[in-house]
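Undergrad: Could you have a look at this structure, given as structure tokens, before my questions?
Each reported figure results from applying straightforward, stated rules to the coordinates on display, with no laboratory input. What you see is a predicted model, and the numbers here were worked out from it, not measured in a lab. So basically every Cβ, Gly included, is an ideal-geometry build from the backbone, and we count neighbours across all protein chains shown.
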Ligand code: BDP
């Protein structure tokens, strides 16, 4: 039990009464039709149910038993057609499904019905989930349809198989053996994605390599697309803006140059000749040294529109990222994306989405929502979450990310008055957009358990579930995942759920409490590095973000400082602009405050900060206790794996606490309050641990 099976384990249902009921309700499986997607649904139901029921379940094309599970569309199944589900089916669209119980001529049917084959597959996974989580299936009447259209993983995978910010081995894509060899991993990857409704995958890094657009690679990409197609998973690529120069022999990549436009059109036609349902391009341009339209004095809209025109005849889209850096150093990096993109609202083609990270800096352990949400009403805005834990302890820290995502999705932008939540921007309801989506930077690699940490799987799972429905709670997602991945045993579910739901706050406490941000190690972002300074860009240093001095700490983003708060709509701007009204979790994000500033607990800022760091360490120890008490209730292999990872996490939390507090103490010049453990080493020791001081790294 090494975690390879993810949440699709399908072990026999343990509760005897439930097992009996399920066995009775499902005496056979009927999935008429033989399209690739229906065949996959049939196989998954057969495999899943045989496992869950602990005995082989017969599969046939026509019902012969009293109690039958039927899956299909009105076109593939006469029985489903006869049920006359027309109106109900209309409500679930192209990808949704119905799960129903129906009686007909003395027979009982459990029905998975959809308008399309992919809807049937999604419904099949949902049905299996009901059994995996031991729900009552005797009177089913539910409907589900995705609230966003493009639910996409972004792989930051390089062609040499290294993964930028990947902590779970190498890239899954074995370019060397493609297109001929199709690894079983590709299929299991597609199954896992389909089971949570993910319908797109960007195979390559946003820091793109133009080679993937050459004929040789496109043949390999086609092989992956063919393998994924039955699972409803579309393939996308990152487009390097300078590709026309690098692989096309042109002298420019100016988006307004007709030769450049023609090159992209021809390239797109070629891609579609291999992959007729190619999804489109994801683009990082004029950011962190990547080429882009601004190199030619053109705007992001000019660049995006050129690519959009090239893929439009084939139904493709362009996801244009708003994570930008200008070459000149800004007074506050948090303001850049908004400043560059808001003026472009209304200038993008219909098939362009602007993809915006959840916060304005960069995937910090906690960030206030990005001010671009709600600020570009005429442009479809796609959410970009980072599933891989670049700034959150990488693969050794147990952090369930759904509460962080939920926090952002629930925030009210006030763009169209009260109730204009980020979720409504993303699902298109706020401004009536039909082109909608959510992207997640993948945490997947060749590790046997896919994600490095066993609990990293929960973040992949949660991303898919939230992309399908951004209104789901992190709690219900955790519960599903635990039951499917570990067990339905009540005490275990309760304890793990508690552990997962607190894990994000725990990490924030031992890394960046009270709105601190970007104080990680230089470049690799692993471990504490609040002392990082004097780099070629100030906004790549820690001191730029925390601004600690003898008087106090924090980034003043109010009127007296960078005034980044003004990018929010008035009620939000007012809240964050006023130190009294700012939620404590964002205190030092928006305000520079004296060390003796009194926080809500009545303590000084310094004492509170120190106690938060200690609290984070204490909570990790609490997690260890919870986990250790579950010994014997979890299979030994995964138990041990997580146990040792929690030991690492404890060491890392202590490291963070000690290094950061010693460093800030050089400014605050105050003692550590009672209850905070003494650091094990000196500040110099922690500073030399930072690999930038180690020769050769
Ligand atoms: C930062 C990463 C960098 C990415 C960049 C991006 O450190 O590796 O290329 O974001 O999103 O978080 O483009």
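Undergrad: Could you work out how much longer the chain between residue 259 and residue 46 gets when fully extended? Use 0.36 nm per residue separation minus the Cα distance between them, nm to one decimal.
TA: Numbers: separation 213, 0.36 × 213 = 76.68 nm, distance 5.33 nm.
Working it through step by step, the gained length comes to 71.3 nm.
Undergrad: I need to check one value: relative contact order of the chain, counting alpha carbon pairs closer than 8 Å and at least 6 residues apart, in percent. Write out the running numbers ahead of the final one.
TA: On the way: 1390 pairs, mean separation 74.7, N = 697.
RCO, the chain: 11 percent.
Undergrad: Modelled label-to-label distance, residue 273 and residue 252, 7 Å Cα→beta-carbon offset: nm?
TA: Here the answer is 2.8 nm between the modelled labels.
Undergrad: A further question on this structure: Most exposed first by the Cβ proxy, i.e. fewest other Cβ within 10 Å, how do 613, 296, 4 rank?
TA: Placing the least packed residue first, the sequence is 4, 296, 613.
Undergrad: Can you give me the angle between helix 16-25 and the longest principal axis of the chain, using Cα atoms only, in degrees from 0 to 90, rounded to the nearest 10?
TA: 50
Undergrad: In nm, what is the difference between 0.36 nm times the number of residues separating residue 631 and residue 665 and their Cα-Cα distance? Write down the numbers at each step before the final one.
TA: Numbers: separation 34, 0.36 × 34 = 12.24 nm, distance 4.02 nm.
Result for the pair: 8.2 nm of gain on full extension.
Undergrad: Using a Förster distance of 30 Å, how high is the FRET efficiency between residue 88 and residue 473, based on the Cβ-Cβ distance and rounded to 0.05?
TA: Numbers: r = 26 Å, r/R0 = 0.86.
The computed FRET efficiency comes out at 0.70.
Undergrad: From zero outward in steps of 20 Å, how is the percent of C-alpha pairs of the chain spread across the bins?
TA: Using 20 Å bins, I get a P(r) of 17, 49, 29, 4, 0 for the chain.
Undergrad: At 222 nm, what helix-only mean residue ellipticity would the chain give, in deg cm²/dmol to the nearest 500, using -39500 (n - 2.57) for each DSSP H run of four or more?
TA: On the way: 22 runs with 261 residues, N = 697.
For the chain, the value works out to -11500 deg cm²/dmol.
Undergrad: Still on this structure, please answer the following. Show me the ranking of peptides 535-544, 365-374, 11-20, 67-76 by mean Cβ neighbours inside 10 Å, starting with the highest. Please list the in-between numbers first.
TA: Numbers: 535-544: 16.2, 365-374: 25.0, 11-20: 13.1, 67-76: 21.2.
Listed from highest to lowest mean packing, they are 365-374, 67-76, 535-544, 11-20.
Undergrad: Suppose each label sits 7 Å from its Cα in the direction of the beta carbon; what would the residue 139-residue 683 distance come out to in nanometres?
TA: 6.8
Undergrad: Pop the C-beta distance of residue 108 and residue 434 into the FRET formula with R0 = 25 Å and round what comes out to the nearest 0.05. Working shown, then result.
TA: On the way: r = 39 Å, r/R0 = 1.55.
The calculated FRET efficiency here is 0.05.
Undergrad: Right, next: On C-alpha positions alone, give me the angle between the axis of helix 474-485 and the longest principal axis of the chain, in degrees, nearest 10.
TA: The answer is roughly 60 degrees.
Undergrad: Each label point is 7 Å from the Cα along the Cα-to-Cβ direction; what then is the distance between the points at residue 581 and residue 536, in nm?
TA: 4.3
Undergrad: Report, in degrees rounded to the nearest 10, the 0 to 90 angle that the Cα long axis of helix 490-511 makes with the longest principal axis of the chain.
TA: Relative to the chain, helix 490-511 is tipped by roughly 30 degrees.
Undergrad: Please work out how much length the chain gains when fully extended from residue 328 to residue 24, using 0.36 nm per residue of separation minus the C-alpha to C-alpha distance, in nm with one decimal. Don't jump to the answer; show the numbers that get you there.
TA: On the way: separation 304, 0.36 × 304 = 109.44 nm, distance 6.87 nm.
Net length gain for the segment: 102.6 nm.
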